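For reference, the structure is listed below as structure tokens.
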Amino acid sequence: MADSSAGTERKGGDMTRETPQGVSHVRVLYAFRELAAAVKQVLSTKQRRLVISAFVGEGALNFLPRPRNTTLVCWPQPPGTNPAAVSSLVKAGVKVFFADNLHIKLYYGKGRGVVLSSANLSRNGLGGGLREIGVLLPPDAVDPDRVLSSRRLRAALS
């Protein structure tokens, strides 16, 4: 994409765009290390933290720098979601909810940003086991409540 009214492409597919609030920045996360670092960065805030991940697997806790009071929504469909991983998250203070037919992967930290990705919350997804890609967006780029409003959530058993 060349210069246009939609934005200006920068090296590596990053894009800046003028908005009424100023310049916003979108960064493409090509490598699993970039992706995992961005997830940890947005979830390191003390403010609201939300993870929506279709499946949760081994090593999930490694990617949550502040697990206590983080909200997680996942699809409890076996074998995709590992019950032991969910149990370890609940023990660490993560508020876990289930939603059926979920395919979203969203990592949100209020004031920090949003990562939209193909990677589930697992060692396979964020630790390099699979080839994944994502984008890091400004904090106001996605309304997490609007995303959740289309889902019927039920609390996981603690």
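Things to note:
- Local net charge near residue 66, Cβ-Cβ under 10 Å (Lys/Arg +1, Asp/Glu -1): +4
- Extension reserve of the residue 143-residue 155 stretch, reckoned as 0.36 nm per residue once the Cα distance is removed: 2.2 nm
- Residue 70 long-range amide H proximity, modeled H, under 5 Å: 95
- Three-way shape label, the stretch 28-89, alpha-carbon gyration tensor, a/c 1.5: oblate
- Between residue 62 and residue 84, the C-beta separation translates, for a Förster distance of 22 Å, into a calculated FRET efficiency of about 0.95.
- Tensor-based shape of the stretch 56-155 (alpha-carbon gyration tensor, a/c under 1.5 rounded, otherwise prolate or oblate): rounded
- Nearest-0.05 FRET efficiency for residue 110 and residue 28, computed from C-beta distance (R0 35 Å): 0.95
- Solvent-accessible area of residue 140 with every protein chain in place, 1.4 Å probe, in Å² to the nearest 10: 110 Å²
- Sequentially through the stretch 69-84, phi angles give Karplus couplings (6.51, -1.76, 1.60; θ = phi - 60°) of 6, 6, 9, 10, 10, 9, 9, x, 5, x, x, x, 9, 8, x, 5 Hz, Gly and Pro residues having no value and appearing as x.
- ³J(HN,Hα), Karplus 6.51/-1.76/1.60, whole Hz, each residue of the stretch 113-130, x for Gly, Pro: x, 9, 10, 9, 8, 8, 8, 6, 7, 6, 5, 4, x, 9, x, x, x, 10
- Using Cβ point charges alone (K and R +1, D and E -1), the dipole size of the stretch 50-154 about the Cα centre works out to roughly 260 debye.
The values are calculated or read from the model by the stated rules, or taken from the named source; none is laboratory data. Small disclaimer: the values here were computed from a predicted structure and weren't measured. All Cβ positions, glycine included, derive from the backbone under ideal geometry; neighbour counts span all protein chains shown. All accessible areas refer to the heavy atoms of the entire protein, side chains included, with ligands and DNA or RNA removed. Shrake-Rupley method; radii C 1.70, N 1.55, O 1.52, S 1.80 Å.
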